[in-house]
1. Please report the relative contact order for the stretch 123-265, taking Cα pairs under 8 Å with a sequence separation of at least 6, and give it as a percent rounded to a whole number.
2. Remind me, relative contact order of the chain in percent, using alpha carbon pairs under 8 angstrom and six or more residues apart?
3. Counting only residues 5 or more places away or on other chains, whose amide H sits under 5 Å from the amide H of THR10 once H atoms are built in the peptide plane?
4. As an exercise, identify the trypsin sites (Lys or Arg not before Pro) in the stretch 1-92 lying in DSSP coil whose Cβ has no more than 10 other Cβ atoms within 10 Å.
5. Which trypsin sites (Lys or Arg not before Pro) in the stretch 121-214 sit in a loop by DSSP (not H, G, I, E or B) and have at most 14 other Cβ atoms within 10 Å of their own Cβ?
6. Quick one: what do you get for the stretch 123-265 if you divide its Cα Rg by 2.2 N^0.38 Å?
7. Within the chain, how many lysine pairs that are 8 or more places apart, or on different chains, have C-alpha atoms less than 22 Å apart?
8. List the DSSP H helices in the chain whose Cα atoms stretch 18 Å or more along the helix axis and whose mean Kyte-Doolittle hydropathy is at least 0.5.
Amino acid sequence: PKMATGEAVTAVAMTEPGTGSDLQRIKTTATLEGDHYVVNGSKIFITNGYLCDMAVVAVRTGSAELGAQSVSLMIIEADREGFSKGRPLKKVGMRGQDTCELFFDNVKVPKENLLGAEGMGFIALMKELAWERMMIAIICASSAEYALATTVEYVKQRQAFGKPVAAFQNTRFELAEMRSEIQIARVYVDRCMELVVRNALSPEAACAAKYWVSDLLSNVVDRCVQLHGGYGYMLEYPIARAYIDTRANRIYGGTNEIMKELISRSI
Ligand SMILES: Cc1cc2nc3c(=O)[nH]c(=O)nc-3n(C[C@H](O)[C@H](O)[C@H](O)COP(=O)(O)OP(=O)(O)OC[C@H]3O[C@@H](n4cnc5c(N)ncnc54)[C@H](O)[C@@H]3O)c2cc1C
């Protein structure tokens, strides 16, 4: 409830310095000792990590040999003794968003903080990450629309060879292609959202939305920068900021290569 009212900031902490894509190899352990777990390990690249009041942390509650079967999820409040945070990491873009390291040094966590059953964390993540991937797809589709809109505005007013840049056939074809592709992305994302509402979206459809629309966004933003000429490389122009901010979409939420792995398993 506190998340809904904005009173609590939370984070989802899966990635570790030694493993990201291969989540079943996490090394952060939670060992049961009486009525509480003792958590040791660290996480990296955690969105909201610096500001979080609590985090949902992926931990290993059994032997590493069990792989995914010994991964569990646990809510860990930030004020627990032994839970510390690194400084926000210096990212290429998205500088307004905090991304940081979290450290767990013999953190005592009550048994009740286990989210779901022991060993079911990996399955829960695989199911629920579909929604995170949809959020990324939505952001990418709308960011692409924004990139195009700001570029249309720019090329109409920028003059070259005595006419607006928008008047060149190359510009018009670029805009036509981008608008078509962005509309196609939007229709697919909207369709996925209809399925989300009916609770019928498959994980692989969400993977497809995430990888395809984030790839499209990178492609669109790059072309929009080109249409801006040198101004497109200056941070005072929104398109330059979009260029550095949008890149991470192909990496987080599971890399686009991992999305294709997951899709291929369903074929
Ligand atoms: C801005 C930002 C915010 C983030 N927020 C969070 C967060 O809130 N919580 C969280 O837990 N994590 C977060 N992450 C971490 C992100 O999810 C990981 O960086 C990502 O999953 C990749 O893991 P990795 O960095 O360990 O790369 P690696 O797994 O080391 O991958 C390196 C390269 O190898 C490729 N690769 C790996 N395995 C395969 C394979 N089987 N087949 C083909 N290619 C493969 C990858 O696609 C990639 O290109 C965030 C990252 C960033 C940049």
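1. Details: 147 pairs, mean separation 48.8, N = 143.
34 percent.
2. That works out to 16 percent.
3. When sequence neighbours closer than 5 places are left aside, the close amide H contacts are ASP53.
4. Details: sites: LYS2, ARG25, LYS27, LYS43, ARG60, ARG80, LYS85, LYS90, LYS91; in loops: LYS27, ARG80, LYS90, LYS91.
Taking the stretch 1-92 and a limit of 10 other Cβ atoms within 10 Å, the loop trypsin sites (Lys or Arg not before Pro) found are LYS90.
5. Qualifying residues, ordered by number: ARG198.
6. Values: Rg = 16.8 Å, N = 143, 2.2 N^0.38 = 14.5 Å.
Dividing the Cα Rg of the stretch 123-265 by 2.2 N^0.38 Å gives 1.16.
7. Taking the chain as the scope, the lysine pair count is 18.
8. Once both thresholds are applied, what remains is 121-157.
Since every read-out is calculated from the coordinates, none of them should be taken as a lab result. Note that the structure is predicted; figures quoted are calculated from it, not measured. No Cβ is skipped: glycine too gets one built from the backbone with ideal geometry, and neighbour counts run over all protein chains shown.
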